[in-house]
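Report on one structure; see the data block that follows.
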Amino acid sequence: MRKGRLEKPAADIARRYSESVSFDQRLYRYDIAGSLAHAAALAKAGIISAAEQKKIEAALREIEKEITSGKFQWNESFEDVHMNIETALTKKIGAAGAKLHTGRSRNDQIALDLRLYVKEQVGKISSQLKTLQIALLDLAEEDVDLVMPGYTHLQRAQPIYFAHYLLGQIEAFARDVERLRDCLQRTNVHPLGSGALAGSTILLDRESIARELGFARVSQNSLDAVSDRDFVCEFLFCLAMIGMHLSRLSEDLIIWSTSEFGFVEFSEGFSTGSSLMPQKKNPDMAELTRGKTGRLYGNLISILTILKALPSSYNRDLQEDKKALFDSVDTILAALEVFSAMLPELKINRGHMEAAAKDPNLLATDLAEYLVKKGIPFREAHEIIGKLVSNATEEGKKLNAIPLTQLKRLSSKFDVDVAKVFDVRRSLAARRAVGAPSPENIAAQIKHWRKQIRE
């Protein structure tokens with residue numbers, strides 16, 4: 001690349017500072033796929049002969065096998081994955097290899113490689129999300145009748161089924177799948193043929209290349225195509241959201257695994273001990289996942305910051321997009337894999353959950369709604385039950401232990417049927433509105449998600 005315009009070689013320190021092959025070599029399959037399609041287009045345009053195309057194709061396949069087997073020698077003197085492969089190709093077949101770069105630039109080449117990489121990772125991550133959803137769904141079916149307290153502000157709020165909680169997690173991860181699918185639409189754009197920024201006087205069939213590489217459409221502005229990293233930002237946002245959902249799930253499980261809650265217990269295979277305290281069994285996999293979410297956020301902010309003041313077209317700053325992208329992909333795939341394996345081994349302490357769900361204060365809202373059904377405005381009913389809870393707390397009594405005579409002092413609408421309010425399962429059975437945790441709704445949702453994930 002330096003021949004012609006530059007006479008002196010790059011300083012060693014500059015070469016080491018600017019090389020990217022140490023990390024962008026993982027794009028080799030996509031780079032070779034792009035080169036194969038480009039060679040076919042060059043042959044179609046008459047720039048290279050059919051024989052030259054065959055030589056290029058055979059040599060690229062050979063290089064790909066060498067890289068996959070670990071025999072290929074990467075050289076940082078050639079800066080990046082593109083020049084390493086092109087140099088190896090030219091060494092193998094001579095002049096035919098030197099013709100391959102006709103009509104393209106490393107600017108549109110890397111834009112292509114990144115889009116192919118992100119497209120594939122969208123599929124991998126979506127598949128892993130579905131594996132996680134299945135693990136959650138299996139857990140919901142196993143404990144479909146298990147009642148637990150629902151929480152707001154980390155305070156006991158209202159009773160729910162444990163399965164309802166798990167189905168809520170499935171909903172969140174389903175949004176992640178939808179976001180990835182939506183991101184794919186803007187990633188699935190073919191940029192090769194944009195050149196450095198202004199295309200080329202050598203006309204190639206870009207639509208044909210796009211079809212061969214599996215792109216849905218072709219970029220329409222060469223200047224934008226070489227510098228567009230919106231799809232990387234959007235993809236990293238999707239991964240940050242997945243991390244956030246995993247982090248919140250981690251937080252719940254970590255809290256529930258404490259002695260104070262005792263709702264769940266992590267298996268030994270997904271726990272660690274203490275170097276000092278022999279009694280400890282720590283939920284480190286969940287804690288690590290909670291922590292790694294910060295890395296996902298940081299990678300997103302890193303890319304956004306790199307892009308925020310770049311002039312139009314390609315700038316070398318864009319080389320810095322890859323480490324953040326690769327790290328986020330590796331991080332989220334590892335976290336999803338760990339959770340998918342960890343959840344089936346999670347021990348659910350039914351006794352502790354059900355005991356906590358028997359707290360009559362969880363049905364305070366039901367008491368207010370009991371009065372509403374007897375004609376009292378909700379705000380008035382809310383105040384009455386609030387006073388009732390306050391009095392019961394002062395007297396050290398449970399709500400379901402307060403005599404009817406005492407209840408009638410607060411409202412004449414209380415009657416003997418008030419005792420039915422404190423039947424937790426009866427309360428849950430009455431919650432039949434769409435999205436509420438009745439047994440019928442939960443059964444329907446489990447059936448829905450089985451079909452949805454299968455399809």
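Any read-out appearing in this document is the output of simple, stated calculations on the displayed coordinates, not a laboratory observation. Remember, it's a predicted structure, so these values are computed and weren't measured experimentally. Every residue, glycine among them, receives a Cβ derived from its backbone with ideal geometry; neighbour counts consider all protein chains shown.
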Q. For the chain, what is the mean residue ellipticity at 222 nm derived from helices alone (per DSSP H run of n ≥ 4: -39500 (n - 2.57); sum divided by total residues; nearest 500 deg cm²/dmol)?
A. -20000 deg cm²/dmol
Q) Which value in Å does the Kirkwood hydrodynamic radius of the range 72-158 take, with 1/r averaged over all unlike C-alpha pairs and then inverted? A) 18.3
Q: Under 1.5 on a/c is rounded, so check that first for the range 242-394, then, if it is not, pick prolate when a/b is larger than b/c and oblate when it is not; a ≥ b ≥ c are the square roots of the alpha carbon gyration tensor eigenvalues.
A: oblate
Q) Which value, in debye to the nearest 20, describes the size of the charge dipole of the chain about its Cα centre when Lys and Arg Cβ atoms bear +1, Asp and Glu Cβ atoms bear -1, and nothing else is charged? A) 580
Q. In degrees from 0 to 90, rounded to the nearest 10, what is the angle of the helix 28-44 Cα long axis to the longest principal axis of the chain?
A. 50
Q.
For the chain, what does the relative contact order come out to in percent, with C-alpha contacts under 8 Å and a separation of six or more?
A. 15
Q) Per the Kirkwood formula on distinct C-alpha pairs, the Rh of the range 1-145 is how many angstrom? A) 17.6
**Q.** Charge context of Val189, other residues only, Cβ under 9 angstrom, K/R +1, D/E -1
**A.** +2
Q. How far is helix 50-69 tilted off the main Cα axis of the chain, in degrees rounded to 10, range 0 to 90?
A. 50
Q | Cα-projected label distance for Thr305 with Lys420, points at 7 Å along beta-carbon direction, nm | A | 6.2
Q. Counting Lys and Arg as +1 and Asp and Glu as -1, what is the net charge of the other residues whose Cβ lies under 14 Å from the Cβ of Ser200?
A. +2
Q: Calculate the spin-label point distance for Ile202 paired with Arg15, positioning each point 7 Å from the Cα along the beta-carbon direction, and give it in nanometres.
A: 2.7
Q) Roughly how many Å is it from the Cα centre of the range 71-103 to that of the range 188-228, as a whole number? A) 22
**Q.** Segment Arg350-Glu120, length gained on full extension (0.36 nm per residue, minus Cα span)
**A.** 78.7 nm
Q) Expressed as a whole number of Å, what is the distance separating the alpha-carbon centroids of the range 3-47 and the range 131-177? A) 49
Q | the range 38-118 - Rg (one decimal) and Dmax (whole number), Cα, Å | A | 12.8, 35
Q: Output the Cα-based Rg and Dmax of the range 388-455 in Å, rounding Rg to one decimal and Dmax to a whole number.
A: 18.5, 58
Q: Return the FRET efficiency for the residue pair Ser69, Asp330: r is the Cβ-Cβ distance, R0 is 22 Å, and the value is rounded to the nearest 0.05.
A: 0.50
Q) Based on the Cα gyration tensor of the range 216-313, what are the three equivalent ellipsoid semi-axes, each the root of five times an eigenvalue, rounded to whole Å and given largest first? A) 43, 13, 10
Q: Specify the inter-centroid distance of the range 231-305 and the range 376-411, based on alpha-carbon positions, in whole Å.
A: 41
Q) What spacing in nm lies between the two simple spin-label points modelled at Met83 and Thr152, each 7 Å away from Cα in the Cβ direction? A) 6.1
Q. Along the three principal axes, how long is the chain when you take its alpha carbons, biggest first, rounded to the nearest angstrom?
A. 100, 53, 40
Q: Any chance you could give the angle, 0 to 90 degrees and rounded to 10, that helix 106-142 forms with the longest Cα principal axis of the chain?
A: 30
**Q.** Equivalent-ellipsoid semi-axes of the range 314-455, from the Cα gyration tensor, Å, largest first
**A.** 48, 20, 18
Q) What is the set of long-range amide H partners of Ile160 at a cut-off below 5 Å, with H atoms built 1.01 Å from backbone N? A) Met148, Gly150
Q: Express in nm, to one decimal, how much length is gained between Lys323 and Arg211 on full extension, taking 0.36 nm for each residue of separation and deducting their alpha carbon distance.
A: 37.4 nm
Q) How large is ³J(HN,Hα), in whole Hz, for each residue of the range 316-331 in order, when computed from phi with the Karplus curve 6.51 cos²θ - 1.76 cosθ + 1.60 and θ = phi - 60°, using x for Gly and Pro? A) 5, 3, 5, 4, 7, 6, 6, 4, 5, 4, 5, 5, 5, 4, 4, 5
